[in-house]
Amino acid sequence: MEKHRNRREFIKNAAAGTALVALGGAIYRIAGDDLTRKARAETRGDGRKRLPPGQKVLSKLRAMGGQAGSSKTADFKLKVYGECDNPFELDWQGLLELPQSDVIADVHCVTGWSVLGANWRGVLVSKLAAIAKTTKSARHVIFEAAHGYTANVPFKEATAPNVLIAHRLEDKALRRSNGSPVRVVVPDLYFWKSSKWITGIKFVKRDEPGYWETRGYHNHGDPWKEERYG
Ligand SMILES: Nc1nc2c(c(=O)[nH]1)N[C@H]1C(S)=C(S)[C@@H](COP(=O)(O)O)O[C@H]1N2
Ligand SMILES: [Mo]
């Protein structure tokens, strides 16, 4: 299992969030500002600021909507295919039989909120790519979801060590609104790249701008460069 962030830090943030949420809306907002101030003073291991420009910290994910797929694990099916020698399909049991990773990661929504140090559990996309035996021609990854939602990510970034398909958050099954049973988490790009209710991972030669990328959002979506709009 891989730990991508300091665990004590994560528990501290999570505890602060929980205690203050219980006290109601006004305090919750102050807590957020506090977390924002604290995060602004931090630097990541890779030298980037902990908090990308223009972001505020929330203590937990805000459900951002989208057309939900089935949340029943019995309905879960994931197709891994495209530019690879060993395309395959996973059902729920197959997913759980693969090596599971715990990734502690920050996520950044283009609307201006970030959630820091969330603990996601699932299977690394790099692992899935290795099993699929992707070929050199796999230059981009398309994360396909229910009702035709897609997001495109360059292969190298989609197979970074902190990118996974997640089925648990903070040791609990995902909520339906957050993409259950399984969603993508690409921490270092804006959160719209993290397809909820995932149905397919397609490796392609040529880029295929996805749902938001064809509706005015930036094709790449790096939060530190504020690649918000195209
Ligand atoms: N299938 C699907 N995935 C999606 C979306 C969507 O509309 N459909 N919205 C994206 C956007 S814009 C964001 S900000 C995040 C929000 O995730 P959350 O609702 O769990 O906070 O999911 C992303 N994944
Ligand atoms: Mo979003």
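Okay, here's what the table says:
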{"item": "Residue count, segment 63-101 (criterion: polar (S, T, N, Q) and within 16 Å of ligand 2 (Cβ to nearest atom))", "result": "1"}
{"item": "Any hit, segment 49-61, residues being part of a strand (DSSP E or B), without any contact (Cβ under 8 Å) to a residue 24 or more places away in the chain and not hydrophobic (A, V, I, L, M, F, W, C)", "result": "no"}
{"item": "Selected residue (criterion: nearest to ligand 1 (Cβ to nearest atom)) from residues of segment 67-98 that are under 18 Å from the mean Cα position of the chain (by Cα), surrounded by fewer than 19 Cβ atoms within 10 Å (Cβ to Cβ) and not hydrophobic (A, V, I, L, M, F, W, C)", "result": "Gln67"}
{"item": "Any hit, segment 110-127, residues being in contact with a helix residue (DSSP H, G or I) (Cβ under 7 Å, 6 or more places away or on another chain), within 16 Å of ligand 2 (Cβ to nearest atom) and more than 20 Å from Leu78 (Cβ to Cβ)", "result": "yes"}
{"item": "Answer from Ala166, Ala151, Ala130, Ala173 - the residue that is within 11 Å of the chain's Cα centre (by Cα) and among the small types (Gly, Ala, Ser)", "result": "Ala166"}
{"item": "Matching residues, segment 183-195, being touching a Leu at 6+ places or on another chain (Cβ under 7 Å) and more than 8 Å from ligand 1 (Cβ to nearest atom)", "result": "Val185"}
{"item": "Enumeration of residues in segment 101-122 that are hydrophobic (A, V, I, L, M, F, W, C), touching a Phe, Trp or Tyr at 6+ places or on another chain (Cβ under 7 Å) and closer than 15 Å to Lys60 by Cβ", "result": "Ile104, Ala105, Val107, Cys109"}
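We did not get these values from a lab; they are worked out from the coordinates using the rules stated. The structure displayed is predicted, hence computed values, not measured ones. Note: ideal-geometry Cβ built from the backbone for every residue, glycine included; neighbour counts use all protein chains shown.
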